[in-house]
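The structure appears right after this line, and notes come after that.
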Ligand code: HMG
Ligand code: MG
């Protein structure tokens with residue numbers, strides 16, 4: 001049976017913008033986040049405290065936090081101790097750590113193997129939990145790796161389990177390069193829900209092959225009721241060649257509402273939020289819902 005309510009975690013200001021090579025002014029980011037907030041999002045990934053040498057677009061993380069960090073749950077990504085310290089001193093109450101299943105991906109993304117990354121992360125997670133911080137763990141390359149190919153679901157489950165046992169509040173399980181199909185989504189999320197029934201779990205799809213909506217439907221059928229999505233369908237990881245944008249929030253919300261599933265999001269206000277950022281991004285925003293909104 002399908003749920004009556006689905007939570008959407010808006011990742012546009014973070015995943016959406018991190019792959020934009022032209023710097024989006026900090027003030028525009030703040031206006032975008034504010035407009036998204038007004039559209040009804042209760043949880044948002046707003047920026048990343050990563051190395052500005054690696055991702056220059058996120059170099060204004062502290063300023064974004066100062067301008068927009070006071071929303072109910074503003075989540076910031078952190079790759080290491082330095083990022084965690086900077087996030088906390090900026091007042092972050094919710095932190096996302098991130099790690100891929102595949103070692104080659106981790107070497108390209110965070111310059112560490114999976115094993116080293118896990119060993120580094122676990123004590124940080126414990127510290128964060130002791131300080132009462134909400135911890136989200138993003139699991140990249142849960143289905144496919146751009147360098148190693150297909151990922152064994154047993155490896156994805158094992159990594160999810162280690163993080164769940166470490167006490168994170170939530171897992172966000174990602175199809176980093178948008179290669180999953182509905183059958184794979186149903187199968188992986190059925191496995192994860194069966195083996196880890198007690199942890200809050202979100203699904204994070206990229207839409208490279210236009211399968212994101214179908215994957216979301218398949219994941220709903222497997223019992224997932226939380227989805228990451230990006231306004232305008234912006235997004236992609238700079239260290240995952242071939243990745244394109246996330247599932248576009250407006251199309252996801254449209255689909256869910258038309259299925260009788262509530263999200264708490266106002267679609268018109270969401271479209272307005274997208275129009276705040278559109279002039280500042282290089283990519284054409286092709287989501288069906290946003291295109292038809294602009295024609296009206
Ligand atoms: P490194 O070069 O191995 O580490 O990078 P380092 O310690 O030598 O640091 C390099 C420089 O960055 C140094 O500066 C550090 O001080 C500085 P220098 O001494 O040369 O002047 N530095 C920092 N500055 C600010 N904040 C920090 C920080 N750390 C170091 N936190 C590192 C290792 C992890 C730092 C780097 O690889 C990195 O920042 N990676 C982030 C990559 C990234 O942001 N990827 C995208 C997010 S993940 C994603 O999109 C996937 C997701 O959406 C799910 C999915 O779809 O799969 C979540
Ligand atoms: Mg992503």
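The values are calculated or read from the model by the stated rules, or taken from the named source; none is laboratory data. Keep in mind that what you see is a predicted model, and the values were worked out from it rather than measured. Reconstructed Cβ throughout: ideal geometry from the backbone, glycine too, with neighbour counts over all protein chains shown.
With touching a residue at least 40 places away in the same chain (Cβ under 8 Å) and either within 22 Å of residue 155 (Cβ to Cβ) or within 16 Å of ligand 2 (Cβ to nearest atom) (or both) as the only criterion, which of 139, 133 stands out? Give the steps one after another, and end with the answer.
On the way: 133 fails: either within 22 Å of residue 155 (Cβ to Cβ) or within 16 Å of ligand 2 (Cβ to nearest atom) (or both).
Just one listed residue meets the conditions, 139.
Consider residue 145 carefully, then state whether it is touching a residue at least 60 places away in the same chain (Cβ under 8 Å) and closer than 30 Å to residue 288 by Cβ.
The answer is no for residue 145.
Within the range 243-262, restricting attention to residues that are under 17 Å from the mean Cα position of the chain (by Cα) and away from ligand 2 (no atom under 11 Å from the Cβ), which residue is nearest to residue 179 (Cα to Cα)?
We begin by selecting, within the range 243-262, every residue under 17 Å from the mean Cα position of the chain (by Cα); these are 243-253.
Subset that is away from ligand 2 (no atom under 11 Å from the Cβ): 248-253.
Working: 248: 16, 249: 19, 250: 21, 251: 19, 252: 18, 253: 22 Å.
Checking each candidate, the answer is 248.
Which residues, counting only those in the range 49-78, are modelled with pLDDT of 95 or more, more than 14 Å from residue 14 (Cβ to Cβ) and either under 18 Å from the mean Cα position of the chain (by Cα) or not in a loop (DSSP other than H, G, I, E, B) (or both)?
The answer is 56, 62, 63, 66, 67.
Only one of 222, 247, 203, 240 is crowded, with 23+ Cβ neighbours inside 10 Å and free of Cβ contacts under 8 Å to residues at least 40 places away in the same chain. Can you tell me which?
Sole residue among the options that is crowded, with 23+ Cβ neighbours inside 10 Å and free of Cβ contacts under 8 Å to residues at least 40 places away in the same chain: 203.
So, in the range 163-187, how many residues would count as being within 16 Å of ligand 2 (Cβ to nearest atom) and either surrounded by fewer than 19 Cβ atoms within 10 Å (Cβ to Cβ) or closer than 16 Å to residue 247 by Cβ (or both)?
First pass over the range 163-187, keeping only residues within 16 Å of ligand 2 (Cβ to nearest atom): 170-180, 185.
If we keep only those that are either surrounded by fewer than 19 Cβ atoms within 10 Å (Cβ to Cβ) or closer than 16 Å to residue 247 by Cβ (or both) as well, we get 172-180, 185.
Total satisfying the criteria: 10.
Show me the strands (runs of 3 or more DSSP E) entirely contained within the range 83-177 in which 2 or more residues are at pLDDT 95 or above and over 24 Å from residue 215 (Cα atoms). Talk me through it step by step, then tell me what you get.
Working: elements: 94-100, 134-140, 170-175.
The strands (runs of 3 or more DSSP E) meeting that bar are 94-100, 134-140.
For the range 26-36, check the following and say yes or no: at least one residue is modelled with pLDDT of 95 or more, near ligand 1 (Cβ under 9 Å from one of its atoms), assigned to a helix (DSSP H, G or I) and more than 15 Å from residue 238 (Cβ to Cβ).
no
Which of the residues that make up the range 266-281 are surrounded by fewer than 17 Cβ atoms within 10 Å (Cβ to Cβ) and in a loop (DSSP other than H, G, I, E, B)?
266
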